[in-house]
1. Cβ contacts < 7 Å: first residue closer than 14 Å to Ser86 by Cβ, restricted to the range 24-47; second residue in a loop (DSSP other than H, G, I, E, B) and modelled with pLDDT of 90 or more, any location; separation 6+ or different chain. Result?
2. Give the number of residues within the range 95-138 that are open to solvent by 90 Å² or more (accessible area, probe 1.4 Å) and assigned to a loop (DSSP other than H, G, I, E, B).
3. From the residues in the range 139-161 that are more than 27 Å from the chain's Cα centre (by Cα) and open to solvent by 100 Å² or more (accessible area, probe 1.4 Å), which one is nearest to Val83 (Cα to Cα)?
4. How do the pairs read when you match residues in the range 121-139 that are in contact (Cβ under 8 Å) with a residue 12 or more places away in the chain with residues anywhere that are assigned to a helix (DSSP H, G or I) and hydroxyl-bearing (Ser, Thr, Tyr), using Cβ under 6 Å and keeping only pairs 6 or more apart or on different chains?
5. Working only within the range 64-94, note down all residues that are part of a strand (DSSP E or B) and open to solvent by 50 Å² or more (accessible area, probe 1.4 Å).
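The values are calculated or read from the model by the stated rules, or taken from the named source; none is laboratory data. From a predicted model like this one, the values you see are computed outputs, not experimental measurements. Methodologically, a virtual Cβ is constructed for each residue, glycine included, from the backbone with ideal geometry; neighbour enumeration extends over all protein chains shown. With ligands, DNA and RNA removed, areas are computed over all heavy atoms of the protein, side chains included. Shrake-Rupley method; radii C 1.70, N 1.55, O 1.52, S 1.80 Å.
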Amino acid sequence: MKSVPFYFSGDDDGHFYALAWCDGFYVNSGGNVPSAIAIYFSPSPAFTRYSMSIHSLNGDHHLYHRGPDYTPAAEAIIIDGMVTFSVPPYAWTLVSKPESSLFLAGHEPGYQQARADLCRCLYAPRMKAWSAASLRSAPFFLPPKGGFVPRDAYADTFENQEFLQATIGHET
């Protein structure tokens, strides 16, 4: 996809290399803008390993979304993409394999590892979605009447306290 730059630099010496993308629409007050969302790898210490950016088809950069700070795992950015942007795991397309000349010194090995990790993360959901669609399989589990309802992440519950303790590492 030509509208998603393979490399861009950000503030604080941030370097970002595209791994995968998905076509869609960026939603803003002006309407739905034909765009692509991309997963980026960053070798820069001040940035998360994975992040996302939305670029319109004319090349405008609309949004940067920092990846999860709690883990460098590829699964975390995929979950973040599902919840924040409604992109299912099977919808991602890998960017073309880049030439070594496109990397700044020392960045290619980390990129190649991040790419392999992302591939391992996306393979099973892609195969399951394709198999279910091609076999026209009925789902094995359905949401309750009214659908799944997001839980109040700010409510003072034992569950939320445990989530916070695990996330920030101390009693709340």
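1. Once the first residue is closer than 14 Å to Ser86 by Cβ and sits in the range 24-47, its partners that are in a loop (DSSP other than H, G, I, E, B) and modelled with pLDDT of 90 or more give Ile37/Val87.
2. 5
3. Among them, the one singled out is Lys145.
4. Pro125/Tyr90; Arg126/Tyr90; Ala129/Tyr90
5. Selection gives Tyr64, Arg66, Thr93, Leu94.
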